[in-house]
Amino acid sequence: MQTPFFPQWRSRLAPLGRRVRHLRQCSLPCLDQLLGAFLPDCLMAPAMQGSHSRDRVYNRRRTFYGFLYQVLNSHCPCREVVRQILALWGLHHCSRPSAQTGAYCQARQKLSLSWLAGLRQAAGTQANQAATLWRGLCVKVVDGTGVSLPDTPANQRAYPQSAEQRPGCGFPLLKIVAVFSLASGALLAYAKGNKHQHELPLLHRLRDHFKPGDLVLADRGFSVYTLMALLWAGGVHSLFRLHQARAADFRRGRRLGPGDRLLTWFKPQNWQRRRYLPWSLWRRLASSLSVRLVRVTVEAPGFRTQSLTLVTTLLDPAAFPAEELARLYPQRWRIELWLRDIKTSMGMEVLRCKSPAMVDKELEMFFIAYNLIRCLMAQASVLQEVPLPRLSFKGTVDSVRQFSAAIAQSPTRKGQKKLLHRLLEIIARDKVPERPGRREPRAVKRRPKPFAKLTCHRHRFIEIGHRNRNWKNKLKNTCP
């Protein structure tokens, strides 16, 4: 503790203070020296008052990096982090902390959500620092996804499960709408909700994150008048695929080129169907909006030629040719890969916290870890002169896990810099092969085990076994 009480005891407590300072240098997961440079020192300092204001075993910095270690190592329990604390304290001959996980779990609960959000934004800004513009515009990609939560009463109340599933047989569902930078792949902002909220209302919460000079790139689920008009009123351009419910009539409007038309959309009259917008904002919407329809052809060797219709507010055909728009829109698919990196490679597809408050903090930690990995990838791309989209995210995560311990154990600063330079070289060499037009159907090859399906509460479920070799007859499920 650094509280200035009992000054006459300072000489007796000095050896313990030196051990604590040495232990702080060897941070829990050895990630501090590798990733700490991307986080501001003012945010990582102890709090002025309240939780995490005193230097204890689980202070704010050590708790944060322990949580980060769990995120980067999928299926890592809290017990493993506590065991690392015990190992480090035993290495430096300190008093032995408790082997229970209660103190560490309480320290995680005391982490402020706003503080974690500030770290996520700082890491995203750092990763997006060297991003390039597309024809003078900052392209931001938007898409939605969903994750599964543990089946607890608190999570069920906040994020109910699907209505098609019986009570006790499903899992809470959390919806997320995320905004990524196309140039760097960093996550800039996100909004979350439950199954009753559409992706459009969630995106409307993020309107303040779009600045004049931005270009929003998304699929046709976001191609609606209200969103495009609101973005246009704030000086933000948009490029979407035309919604399937709106007809693409290229006989109307003014012709700008082959398959390129300038049209006027009018404001819908029924406000009741769009209740996610308040009446005050709906009333200020423009009565009409000039849009541009562009029909592009996507050709891939070995596949049929596909025709897409794009709608955009980039009205100048000279500054933004149709060919450039046709090359830009297929890059929207990168957000699917970035979401796969977070959900599949990092294990965010199924969260583990059992309360909505901790679920929010676990989400923030996943996004902080993702942005920190993006910072390393951007640094390797600049130093080694390798295109950033060619770098492997999973390979970077694997390299960070192994090199972080070696960098922390290096006795000299020169050795640490040498290892860091070697790490960036390995990240730059681990390239993803170029596979244009690659198609991967969402199908599972490995068959699941022939277990019965849970069709009611587990405590009411009755499993009856038979000697027949046919697994369908071997398990007969009944619910009283």
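The values are calculated or read from the model by the stated rules, or taken from the named source; none is laboratory data. Treat the numbers as computed from the prediction; the structure is a model and nothing was measured. Because the Cβ atoms are built from the backbone with ideal geometry, glycine has one as well, and the counts that use them run over all protein chains shown.
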Legend entry - Which listed residue is closer than 30 Å to Leu239 by Cα and either modelled with pLDDT of 95 or more or outside the structural domain of Val57 (by TED's automatic domain parsing) (or both), from Thr145, Thr152: Thr145
Inset, instruction - Filter the range 366-395 down to residues that are β-branched (Val, Ile, Thr) and assigned to a loop (DSSP other than H, G, I, E, B), then give me how many there are. - result: 1
Legend entry - Filtered residues of the range 181-240 (kept if assigned to a loop (DSSP other than H, G, I, E, B) and within 17 Å of Arg284 (Cα to Cα)): Val224, Gly234, Gly235, Val236
Inset, instruction - Kindly list the number of the only condition in (1) modelled with pLDDT of 85 or more; (2) more than 30 Å from Glu434 (Cβ to Cβ); (3) surrounded by 15 or more Cβ atoms within 10 Å (Cβ to Cβ) that fails for Phe266. - result: (3)
Inset, instruction - Pull up the range 58-98, narrow it to residues that are modelled with pLDDT of 80 or more and assigned to a loop (DSSP other than H, G, I, E, B), then point me to the one that is farthest from the chain's Cα centre (by Cα). - result: Ser98
Inset, instruction - Select from the range 158-175 the residues that are of a type in the set (D, E, K, R) and at pLDDT below 95 and list them in ascending order. - result: Glu164, Arg166
Inset, instruction - Could you tell me whether any residue of the range 366-385 is among the basic types (Lys, Arg), closer than 24 Å to Val139 by Cα, out of contact with any Asp or Glu (no Cβ under 8 Å at 6 or more places or on another chain) and in the same structural domain as Cys138 (by TED's automatic domain parsing)? - result: no
Legend entry - Residues that are free of Cβ contacts under 8 Å to residues at least 60 places away in the same chain and either under 30 Å from His457 (Cβ atoms) or of a type in the set (A, V, I, L, M) (or both), drawn from the range 190-205: Ala191, Gly193, Asn194, Lys195, His196, Gln197, Leu202
Legend entry - All positions within the range 399-425 that are modelled with pLDDT of 85 or more, buried (at least 16 other Cβ atoms within 10 Å of the Cβ) and within 24 Å of the chain's Cα centre (by Cα): Ser399, Val400, Phe403, Leu423, Leu424
Legend entry - Members of the range 141-168 that are closer than 24 Å to Phe461 by Cα and not in a loop (DSSP other than H, G, I, E, B): Ser148, Pro153, Ala154, Asn155, Gln156, Arg157
Legend entry - Every residue from the range 219-254 that is on the phi > 0 side of the Ramachandran plot and modelled with pLDDT of 90 or more: Gly235
Inset, instruction - Could you please find all residues in the range 373-388 being out of contact with any His (no Cβ under 9 Å at 6 or more places or on another chain) and surrounded by fewer than 17 Cβ atoms within 10 Å (Cβ to Cβ)? - result: Val382, Gln384, Glu385, Pro387
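Per-residue answers, yes or no, for (1) more than 31 Å from the chain's Cα centre (by Cα); (2) surrounded by 13 or more Cβ atoms within 10 Å (Cβ to Cβ):
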| residue | (1), (2) |
| --- | --- |
| Ser287 | yes, no |
| Ser290 | yes, yes |
| Leu293 | yes, yes |
| Leu310 | no, yes |
| Ala318 | yes, no |
| Leu325 | no, yes |
| Arg334 | no, yes |
| Met358 | no, yes |
| Glu362 | no, yes |
